[in-house]
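A.B. asks: Have a look at this one before I ask anything.
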Amino acid sequence: MSGQFRLLGEPRFGPFFWTQFLGAFNDNVYKNALIILIAFELGSAEGSQGHVMINAAAGLFILPFLLFSATAGQLADKYEKSMLMRRIKLAEIVIMAMAAVALWLKAPFVLIGLLFLMGAQSSIFGPVKYAILPQHLRADELVGGNAMVEMGTFVAILLGTLAGGLLIAVPDAGPALVAVVVVLLAVLGWWASLRIPPATPAAPELHLRVNAVRETWANLKYLAADPVQRTTAIGISWFWFYGATLLTQIPNFARLDLYADQRVVTALLTAFSIGVGLGSLLVEGLSRRRIVLGVSFFGAAGLTVFGLLLPLLVTLIPEAAAPRGFIDFIAARGGAVLGVVVLLGAAGGLYIVPLFALVQRRARAAYRSRVIAGVNILNALFMVVSAILAGALLGNGLSIPQLFSVVAAINAAVAVFMALSLRRELGGLGAVTEKDLA
């Protein structure tokens, strides 16, 4: 692992890593603090609107990825990327300054509206974030660089979620503390971005087109034009479908099926994030710094096996009259559940890193950012579908463990489809060669 950690000390990667890490961390501090503020402090004042507001908050953060990713891809191809990152981080400072005022005033509708602006800022950052890596990293560093980004993203999500919950819960001072922290994190992210080295524009002659619907369709056509890109993008988006389904259900899974309290919810989320980080970091060593799709399919097998094992372990957990804390949960055979969740996350890390590296290397430089924007659009669509499908199945009597089993079984079908498609296009599932990337 020393090779990929060495990148943190490189000027061409370290400042970029901390810029994106602090951005993801800040997003989740704000989102979780807002949801808790609505649920616990504003819920009684708003009455039944509390549930509507929480779901609106979740939807408004995803919506910009559908609306603005296409424009973001054009911007990232046309302009120098380090300059774009600095401007995006300046926008984050402005948004968080407005959020600080809204937190002080406890204005929920303003806070939710600002969450939409945060989603817009993140959606514009996404294509720049992934398109800059092939410009600053050598071919043998790309897998390790992606592993560090995925590990950093999940750690930032976990830490940000925990920090947001802890800060907003401080009596009397919670909103003020969150306000200070989100502005400080935005400033630190901008400061880190000042040290990102320039990345030559891929298509400076590109004429920007602002029709969101037309450009979204155009980005998806860029993505679909190459069968390998198309299949790889489906695989990446499937990971977000799987992950969104799992993480969304964990609170109720802990309460209804594991008879556990909020501390166990935190432990499960932590276990999954740690697993993804570990799996991501293992990829470089397993693949010897090459893009090896066999590693990804090994991860896919793990997603199915551990996804099916998790519901079976629920049968080992005895019922309880009151929700268990963490220690009681471990004593009730909960350690096996946590272990499987770590392995499930690790399988996800093994699965996703080679796919991201492949789509970055495969896409032509002139429209790489627009291809990545197409992947982001597809990711958002898959996450929306995951919410709809989970709601429909659970609403028709399926239990959460049964839902996990269904998703794990679908994962096996997706993996077979991808293996057959990529084997036909690339001639195998071992190391991807330069001929495969041409």
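The values are calculated or read from the model by the stated rules, or taken from the named source; none is laboratory data. Since we're looking at a predicted model, the values are computed, not measured. Heads up, the Cβs are rebuilt from the backbone with ideal geometry, glycines too, and the neighbour counts pull from every protein chain shown. Note: accessible area is taken over every heavy atom of the protein model, side chains too, but ligands, DNA and RNA are not part of it. Shrake-Rupley method; radii C 1.70, N 1.55, O 1.52, S 1.80 Å.
A.B. asks: Quick one: plug the Kirkwood hydrodynamic radius of segment 369-424 (C-alpha pairs) into Stokes-Einstein at 20 °C, 1.002 mPa s, and report D in µm²/s.
C.D. replies: Result for D is 163 µm²/s.
A.B. asks: Probe of 1.4 angstrom, ligands and nucleic acids ignored: what's the accessible area per residue over the chain, in square angstrom?
C.D. replies: Value for the chain: 41 Å² per residue.
A.B. asks: Next question, about the same structure. Give the Rg/Rh ratio for segment 108-253, taking Rg as the radius of gyration of the Cα atoms and Rh as the Kirkwood radius, to two decimals.
C.D. replies: Expressed as Rg/Rh, it is 1.00.
A.B. asks: Just going by the charge dipole of the chain, with Lys and Arg at +1 and Asp and Glu at -1 on Cβ, which of 237, 113, 294 is farthest out on the positive end?
C.D. replies: Of 237, 113, 294, it is 294.
A.B. asks: Report the equivalent ellipsoid semi-axes for the chain in whole Å, largest first, defined as the square roots of five times the eigenvalues of the gyration tensor built from alpha carbon atoms.
C.D. replies: The answer is 32, 28, 20 Å, longest axis first.
A.B. asks: Next up: Leaving ligands, DNA and RNA out of it, work out the accessible area of residue 256 with a 1.4 Å probe and give it in Å² to the nearest 10.
C.D. replies: That residue has around 90 Å² of solvent-accessible surface.
A.B. asks: Also: Could you report the accessible area of residue 38 in Å², rounded to 10, computed with a 1.4 Å probe on the protein chains as they sit in the structure?
C.D. replies: For residue 38, solvent-accessible area is about 0 Å².
A.B. asks: Keeping all protein chains in the complex and leaving out DNA, RNA and ligands, what accessible area do you get for residue 106 with a 1.4 Å probe, in Å² to the nearest 10?
C.D. replies: 90 Å²
A.B. asks: Right, next: Under a Cβ-only charge scheme (Lys and Arg +1, Asp and Glu -1), can you give me the dipole magnitude of the chain about the Cα centre, in debye to the nearest 20?
C.D. replies: For this selection, approximately 1120 debye.
A.B. asks: Roughly how many Å is it from the Cα centre of segment 261-304 to that of segment 327-354, as a whole number?
C.D. replies: What the calculation gives is 10 Å, centre to centre.
A.B. asks: Straight-line reach from residue 89: which aspartates and glutamates have Cα under 19 Å away, leaving out those fewer than 8 places along the same chain?
C.D. replies: Straight-distance partners of residue 89: 27, 77, 80.
A.B. asks: Can you bin every Cα-Cα distance in segment 291-438 into 10 Å intervals starting at zero and give me the percent of pairs per bin, rounded to whole numbers?
C.D. replies: 10, 29, 33, 18, 8, 2, 0
A.B. asks: Given Cβ point charges of +1 (Lys, Arg) and -1 (Asp, Glu) and nothing else, what value in debye, to the nearest 20, does the dipole of segment 103-259 about its Cα centre take?
C.D. replies: About 260 debye.
A.B. asks: Related question: What number results when the radius of gyration of segment 87-144, computed over Cα atoms, is divided by 2.2 N^0.38 Å?
C.D. replies: This ratio for segment 87-144 stands at 1.57.
A.B. asks: Pairs 129/221; 81/221; 31/106: which are spaced more than 18 Å apart, C-alpha to C-alpha?
C.D. replies: Correct reply: 129/221; 81/221.
A.B. asks: Treating only the Cβ atoms of Lys and Arg (+1) and Asp and Glu (-1) as charged, compute the dipole magnitude of segment 182-289 about its Cα centre; round to the nearest 20 debye.
C.D. replies: 140 debye
A.B. asks: Counting pairs of alpha carbon atoms under 8 Å apart in space and at least six apart in sequence, what relative contact order in percent does the chain give?
C.D. replies: Result for the chain is 25 percent.
A.B. asks: How many percent of the accessible area of the chain is carbon or sulfur, using a 1.4 Å probe?
C.D. replies: 70 percent
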